[in-house]
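Here is the structure we will look at, set down as structure tokens.
A short reminder: the numbers here are calculations on the coordinates, not readings from a lab. Model, not experiment: these values are computed from the prediction. With ideal geometry, Cβ positions are generated from the backbone for all residues, glycine too; neighbour counts draw on all protein chains shown.
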Amino acid sequence: MTGAVLAAEWIKVHTIRVHRVLVGVAFAFPVLVAVLVAVFTPEPRVVFGNEVIDLISGTSVVSLLLLACLWAINLTAEYAHGTIRVTYAAVPSRWRVVAAKAAIGSLVTAAVVAVTFWVAWWVSTAVLSSRGSSASLDQVRDIWATFAALIALSVVVSWFALGLGLIIRNSPATVVVTLLWPLLIENLVSLAFTLAGVDEAQRWMPYQAAITAVVDDGGGDSLGRPWGPLYFAALAAVLVGVGMVLENRRDA
Amino acid sequence: MRCMIGLDRADAGQVTFDGSPYHDLSQPITHVGVLLDAGYVHPARRAVDHLRTVAVAGGVARSRVDDVLEMVGLVSVGRSRVRRYSLGMRQRLGLAAALLGDPAVVILDEPANGLDPEGIRWIRDMLRHLASHGRTVLVSSHQLGEISLMADDLVVIGRGRLIDECPVGEFIRRHTTTRVRVRSPHIGEIVRQVRARGADADIVGDLAFSDAAVITGLAIVDVGEIAAEFGAVLHELTEVTDSLEDAFLSVTGEAAEFRSGS
């Protein structure tokens with residue numbers, strides 16, 4: 001029966017056109033940027049593998065946010081259209097429904113990000129190679145740790161959006177918070193702490209801690225790997241937990 | 001109805017199906033089919049995909065999707081997105097979802113909403129058909145004319161309280177007065193005889209020229225026998241029964257939540 005709930009959630013995801021469009025954009029953006037940079041960089045011979053990976057990791061963060069919006073929309077549209085009632089009529093256990101949504105969100109996000117990462121790498125290094133570059137994975141320090149951190153972050157971001165959706169239950173509001181949290185809210189909170197005389201506030205902003213662990217090796221002031229992603233995962237788990245408690249108490 | 005299937009929390013009481021609360025049923029949509037609102041469907045999804053999500057989640061074979069689309073007459077548009085559906089088509093889709101699990105109990109809220117006359121007759125016949133095959137069909141509706149045509153038993157609720165519970169015919173008899181309408185060239189004599197037996201009789205229209213009266217307090221058989229006793233010719237002898245709506249309004253008058261000032 002759990003497999004059936006997973007299968008039903010998968011049907012819900014792939015039968016809505018806007019979901020497919022978001023996945024397509026999330027895939028295309030890092031690949032396009034990497035290819036464009038490979039095509040137009042003026043000195044391809046001095047482009048090395050670590051720079052390509054940094055570029056792909058950085059642009060993949062945009063893909064993560066797009067996929068987070070997908071999961072926010074996927075859940076909150078159920079409240080907007082009342083289909084959550086049809087879902088709970090078929091599967092009265094709300095825990096199982098939310099767990100299935102979390103599992104599908106994690107798997108799809110991780111798969112899209114992984115495929116995007118390697119396609120972007122393969123296409124961009126092929127272009128660079130044709131222009132005389134010798135960019136290769138050998139030039140990348142901790143490539144598998146970087147990749148693992150990116151996949152971990154992608155899973156956690158999907159939980160983060162799910163948790164917000166469970167609590168807020170409104171599509172526009174959930175998408176806005178999902179996007180503004182990393183882009184604005186954490187920066188404002190960090191700034192407020194800094195003005196109040198608290199040092200290293202930026203280091204303790206959950207999303208920033210996780211992103212920093214992906215795009216660099218954890219040096220400097222960041223929490224680094226694996227603590228950055230784990231710290232953000234703890235926040236996402238709290239959001240999902242609070243959302244689940246509310247979900248079980250609220251009317252559907 | 002949402003409380004019955006655990007969507008809303010009830011303040012008190014519980015509902016069981018074959019002795020079990022809804023959430024304890026294994027594969028609940030195979031026991032209870034529910035249509036609460038035809039709008040509970042994502043407009044960007046195809047009808048067939050909507051039904052597949054319900055079937056798969058509820059543990060029902062996907063082949064049932066085509067069966068129920070056939071039952072509700074949506075086969076030709078099953079692969080269209082729901083945003084193109086009229087309200088009546090969404091009602092049919094909602095009923096299809098409720099019937100996916102071939103349940104013994106069907107719960108429907110205002111199933112005739114938005115349907116055209118042909119659709120209203122179709123859903124009436126469909127619900128009667130389901131009931132005739134041994135299913136329990138619970139319908140909530142304010143369309144009392146429709147209810148009087150399709151329901152066997154009534155549960156009347158006003159302001160959250162049970163007002164009455166009985167078969168439709170008994171409810172009407174219990175809460176309205178049955179009258180007898182008579183037309184005769186000897187209407188004056190009939191009225192005198194009826195009044196002599198303690199019943200009420202009102203001449204319809206102009207007293208001097210009317211040939212019709214409405215009699216209260218006697219059965220139609222008694223009125224016919226009175227006319228026969230003195231050889232009166234009858235042009236009409238009809239039992240006049242109030243509608244379910246009349247009975248409903250008379251019994252829920254005090255429980256009406258909102259009413260106009262006039």
Q) Using a Gaussian network for chain B with springs between C-alpha atoms less than 10 Å apart, which of these wobbles most: B:V65, B:V105, B:V56? A) B:V56
Q | Label-point gap, in nm, between B:R128 and B:S140 - each point 7 angstrom along Cα→Cβ | A | 2.6
Q. For the protein assembly as shown, what's the radius of gyration and Dmax over Cα atoms, in angstrom?
A. 34.2, 123
Q) Angle, helix A:143-168 long axis vs. longest principal axis of chain A, Cα atoms, 0 to 90°, nearest 10? A) 30
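Can you pull the mean other chain C-beta count within 10 Å for peptide A:173-184?
Details: counts 0, 0, 0, 0, 0, 0, 0, 0, 0, 0, 0, 0.
Average neighbour count from other chains, rounded to a whole number: 0.
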Q. Based on the Cβ-Cβ distance of B:F209 and B:R79, what FRET efficiency does E = 1/(1 + (r/R0)^6) give at R0 = 60 Å, to the nearest 0.05?
A. 0.35
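Does segment A:2-249 come out rounded, prolate or oblate by the C-alpha gyration tensor, with a ≥ b ≥ c the root eigenvalues, rounded set by a/c under 1.5 and, if not, prolate when a/b is larger than b/c and oblate if not?
Numbers: a/c = 2.33, a/b = 1.44, b/c = 1.62.
In terms of gyration-tensor shape, oblate.
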Q: Between B:I172, B:I123, B:I187, find the one with the highest GNM mean-square fluctuation for chain B; connect C-alpha pairs within less than 10 Å.
A: B:I187
Q.
Among B:V233, B:M150, B:G59, whose Cα projects farthest towards the positive end of the dipole of chain B, with charges put on the beta-carbon of Lys, Arg (+1) and Asp, Glu (-1)?
A. B:G59
Q) Any idea how far the Cα center of segment B:32-76 sits from the one of segment B:115-142, in Å? A) 18
(Q) Apply the a/c threshold of 1.5 to the C-alpha gyration tensor of segment B:178-240 and tell me whether it is rounded, prolate or oblate. (A) rounded
Q: Along Cα→Cβ, 7 Å out, is where each label goes; now give me the distance between the ones at B:L149 and A:A126 in nm to one decimal.
A: 6.6
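Before anything else, pin down the relative contact order of segment B:16-151: Cα pairs under 8 Å, at least 6 apart, normalised by residue count, whole percent.
Numbers: 197 pairs, mean separation 39.3, N = 136.
Averaging sequence separation for qualifying contacts and normalising by length gives 29 percent for segment B:16-151.
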Q. Using r as the Cβ-Cβ distance of A:R96 and A:A28, and R0 as 25 Å, what FRET efficiency do you calculate, to the nearest 0.05?
A. 0.15
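Under 8 Å for C-alpha pairs, at least 6 residues apart: give me the relative contact order for segment A:2-249, rounded to a whole percent. Please report the intermediate quantities before stating the final value.
Details: 339 pairs, mean separation 61.4, N = 248.
Contact order relative to length: 25 percent.
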Q: Based on other C-beta atoms within 10 Å, arrange A:D199, B:D37, B:D49 from fewest to most.
A: A:D199, B:D37, B:D49
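FRET efficiency for A:N248 and A:R20, Cβ-Cβ distance as r, R0 = 45 Å, nearest 0.05? Show your work: numbers first, answer last.
Numbers: r = 31 Å, r/R0 = 0.70.
Calculated transfer efficiency: 0.90.
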Q: Once you have a ≥ b ≥ c as the square roots of the Cα gyration tensor eigenvalues for chain B, tell me rounded if a/c is under 1.5, and otherwise prolate or oblate according to whether a/b is larger than b/c.
A: prolate
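Can you pull the mean other chain C-beta count within 10 Å for peptide B:47-59?
Working: counts 0, 1, 5, 5, 0, 5, 11, 8, 4, 11, 18, 9, 6.
Counting Cβ atoms of other protein chains within 10 Å of each residue's Cβ and averaging gives 6.
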Q: May I ask for the angle, rounded to the nearest 10°, between helix B:47-57 and the longest principal axis of chain B, with both axes built from Cα atoms and the value confined to 0 to 90°?
A: 70
**Q.** Relative contact order of chain B, pairs being alpha-carbon contacts under 8 Å that are 6 or more residues apart, as %
**A.** 15
Q) Could you give the angle, 0 to 90 degrees to the nearest 10, between helix A:49-81's Cα long axis and the longest principal axis of the Cα atoms of chain A? A) 10
Q. What's the longest piece of chain A with no exposed trypsin sites (Lys or Arg not before Pro), counting a site as exposed if DSSP puts it in a loop and it has at most 16 other beta carbons within 10 Å?
A. A:1-130
Q: Take every residue in peptide B:67-73, count the Cβ atoms of other chains within 10 Å of its Cβ, and give the average of those counts.
A: 0
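About the Cα centre, and with charges only on the beta carbon of Lys, Arg (+1) and Asp, Glu (-1), how big is the dipole of segment B:72-119? Nearest 20 debye, please. Please report the intermediate quantities before stating the final value.
On the way: 6 positive and 5 negative charges, 87 e Å.
In total the dipole reaches around 420 debye.
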